[in-house]
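Readers should treat all values here as calculations from the given coordinates under stated rules, not as data from a laboratory. Values in this document were obtained by computation on a predicted structure and should not be read as measured data. Reconstructed Cβ throughout: ideal geometry from the backbone, glycine too, with neighbour counts over all protein chains shown.
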Amino acid sequence: MKKGIVLFLFLITISFLSCKKVETPTTKFTITATLQNNSSVSVSWAAFDLSGFKSISIYRSASPIPNPTLELPVNGNLLVGVVTDLTVTNFRDSSINSLAANGTIYYMAVINLNDRIIASNLQQVGLNAFSVTIPSVSTQSGEFIVNRLPEIDALYIYNELNNSISYVSYSQKKIMATATIPFSSGSNGVFYPVMDNGNPEVFLVSGNSIICYNGTTLVQKYVVNVANGSIYDIKVKNGYLYVYDYYYTGNSYYNIQIYNLANQTLISEKNYSYNVVTNSSSGVTNYIFAPYAPSNAFYFRYYSQIYNSQISSYVYKNVIVSYNLVNGLFTDSTTLNIPSMNPDTLLNNNTNSAYIQVSPDGGYITCDNLGDVYAVNGHATHSIASINNSSPTPVYSDDGAFMVGRTPQFSTSTGPTLNPIDIWSLPGFNLVTSFNSPNSTNATIANDYMDNDTLVSYNIITGLSSTGQFSNTLTVFLNKIN
């Protein structure tokens, strides 16, 4: 009797498995996966008509996905979408934010029927991307400042906790050099790579010292010691170092000191009275300090403030001065007349850090946080606000041919919000394309910029390994814009 029951259950099981079976990849169900602007992948398939259709599950992985069986189905964590409409023949994956070091991702789709499943072929998509591990200490995660030097396809990563600098080439897709520095930048946070007279160099501020490193080897070259003041920003142009600082000598001054880098000596300085340059509530954030402009000029922005007795408060007016340079020194100056900088106002002019955006060729200045950009040569203001970005802060390409408009959407409580970036061509201010940045894991402005006609997007993700050490992974996406 027992043998009969066991035999009956065995036959029932065999019958069930024969009905609920897995069909491995065949010509019955083939998918294609196509990269869309490095921001999404379109997965498509031919229309079919199968009885008992329930849904199609689309899976994505940074490594090949094994063919599923009933005992070993596809890992549910790889699921990126489900299609329940039999007439739909495609799925768009717009959440590409994790990929293998070689930039390849894999897709598989599974048709779910009442009595069986049908697995598609495995389709792979190659992204023009790569990942590298940035050095860190074993007990702390990294706190990074990242700057770029498009002239040599370089990203420089300064790890403040580890006191190290890494030079990553995104054309060669690897770390080219790493150096440990014998100090901390402290609260300065000034980390400035630049091409100076054809040489890549990296300047880092520590207290009142400015240290210069070779941009390719990261070997220290020299130190410039600033005599007085607290350094807020530095710029380098044509062999001269311009130091923007603040010091108090009976009167409060904002000060520009000029050093000849051939011998690291101070050759000139220019003072701005505190009550002219800024207001007490906003401090030193209120300036443009940029050696950008045609014809070897230098821009400087400050506030003039006037007390309005009718409203019992100060109103502020932005002033941008363009200085001509002769042998590194300021000579004659011109005050730029930019109507869109807004006349006396309480709101946009006294706290808006977006004014510091200037194109590398000096041809464009961001006027406000509403997406207004002033073209210096054409003396006209253009708005790049769009349905995607109501208040974009642009990042300009090094050759002045493109700019990226993007609204910062990162919140410490909710994380990033996926807002499409807008890419505009210059000087026509034509919207070229809009799409979700591949930087969806860290939606901040500085992580997307144009290297001439290539969008470079990067992020650093910190995670704790099984050994208790922190791992800092830099991922870079490259996307040529046609």
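Which percent of the Cα-Cα distances in segment 33-90 go past 12 Å?
Every Cα pair in segment 33-90 considered, those over 12 Å come to 74 percent.
Provide the per-residue ³J(HN,Hα) series for segment 63-69, in order, calculated from phi with Karplus coefficients 6.51, -1.76, 1.60 and θ = phi - 60°, each as a whole number of Hz, with x at glycine and proline positions.
So the Karplus estimates, Gly and Pro as x, are 9, x, 9, x, 4, x, 10 Hz.
Fully extended, how many nm does the chain gain between ASP85 and ILE311 (0.36 nm per residue separation, minus their Cα-Cα distance)?
Values: separation 226, 0.36 × 226 = 81.36 nm, distance 6.22 nm.
Stretched out fully, the ASP85 to ILE311 stretch lengthens by 75.1 nm.
Across segment 194-199, in residue order, what do the Karplus-derived ³J(HN,Hα) couplings come to in whole Hz, using 6.51 cos²θ - 1.76 cosθ + 1.60 with θ = phi - 60° and x for Gly and Pro?
Going residue by residue, I get 7, 8, 10, 6, x, 10 Hz, with x marking Gly and Pro.
Given H placed on each backbone N at 1.01 Å, which residues far from ASP372 in sequence or on other chains put an amide H within less than 5 Å of it?
CYS367, ILE384
Go through LYS174/LYS480; LYS174/LYS237; LYS237/LYS270 and tell me which ones have a Cα-Cα distance over 24 Å in this structure.
Too far apart for the 24 Å limit: LYS174/LYS237.
Check the straight Cα-Cα distances from LYS221 and name the aspartates and glutamates below 13 Å, setting aside those fewer than 8 residues away within the same chain.
Answer for LYS221, where 13 Å is the Cα cut-off: GLU201, listed by chain and number.
Starting at the first residue of segment 374-390, write each ³J(HN,Hα) from the Karplus equation 6.51 cos²θ - 1.76 cosθ + 1.60 with θ = phi - 60°, in whole Hz, x for Gly and Pro.
For segment 374-390, the Karplus curve yields 9, 8, 5, 5, x, 6, 9, 9, 10, 9, 10, 5, 9, 5, 7, 9, 6 Hz.
Add +1 for every Lys or Arg and -1 for every Asp or Glu among the other residues with Cβ under 15 Å from the Cβ of ILE165, and state the total. Mind showing how you got there, number by number?
Numbers: positive: ARG148, LYS221; negative: GLU143, GLU160, GLU201.
Local charge sum for ILE165: -1.
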